[in-house]
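Written out below as structure tokens is the structure these notes cover.
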Amino acid sequence: MVKRMAGLAVMLVVLVAGVAVAQHPILDMIAGKVTEKYQQSTCEQLWEARGKPKSAQEQEVVTMLRGNPALRTEFINKIAGPVANKMFECGMIP
């Protein structure tokens with residue numbers, strides 16, 4: 001009986017983890033694009049892009065993230081490492 005309960009508990013944890021990972025596929029795609037942009041851009045390209053206005057699509061994403069703190073936290077957790085490292089390499093943060 002205990003083995004059965006343990007097996008059910010493990011299956012439940014795996015199921016919940018799988019659902020949590022696939023909960024925001026669009027957010028995952030956007031985070032992937034942002035990370036890719038920073039990893040593939042040169043420092044000069046990033047400095048130039050910093051002063052340019054955001055596209056309508058980027059503004060829409062920013063508005064969405066401002067309106068949903070949980071989604072914003074998830075997004076920042078996904079991009080923070082790669083983006084911060086590139087910005088540090090480029091002298092954009094101390």
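Against the test of being over 24 Å from ALA84 (Cβ atoms), under 21 Å from the mean Cα position of the chain (by Cα) and either at pLDDT 95 or above or among the small types (Gly, Ala, Ser) (or both), the options ALA56, ALA9, ALA49 yield a single qualifying residue, ALA56. Among residues of segment 76-88 that are of a type outside the set (A, V, I, L, M), those with a Cβ under 7 angstrom from a residue that is in a helix (DSSP H, G or I), sequence gap 6+ or separate chain, pair up as LYS78/ALA31; PRO82/THR35; PRO82/TYR38; PRO82/GLN39; LYS86/TYR38; LYS86/GLN39. If the condition is being part of a loop (DSSP other than H, G, I, E, B), closer than 24 Å to PHE88 by Cα and of a type outside the set (Lys, Arg), then segment 21-62 contributes SER41, THR42, GLY51, PRO53. Within segment 25-52, residues that are within 14 Å of ILE76 (Cα to Cα) and β-branched (Val, Ile, Thr) reach partners that are part of a helix (DSSP H, G or I) and at pLDDT 95 or above with beta carbons closer than 8 Å, at six or more positions or on different chains, in the pairs ILE30/PHE75; VAL34/ILE79; VAL34/VAL83; THR35/LYS78; THR35/ILE79; THR35/PRO82; THR35/VAL83.
The values are calculated or read from the model by the stated rules, or taken from the named source; none is laboratory data. None of these values were measured; they are calculated from a predicted model. Please note: Cβ atoms are built from the backbone with ideal geometry, for glycine as well, and neighbour counts cover all protein chains shown.
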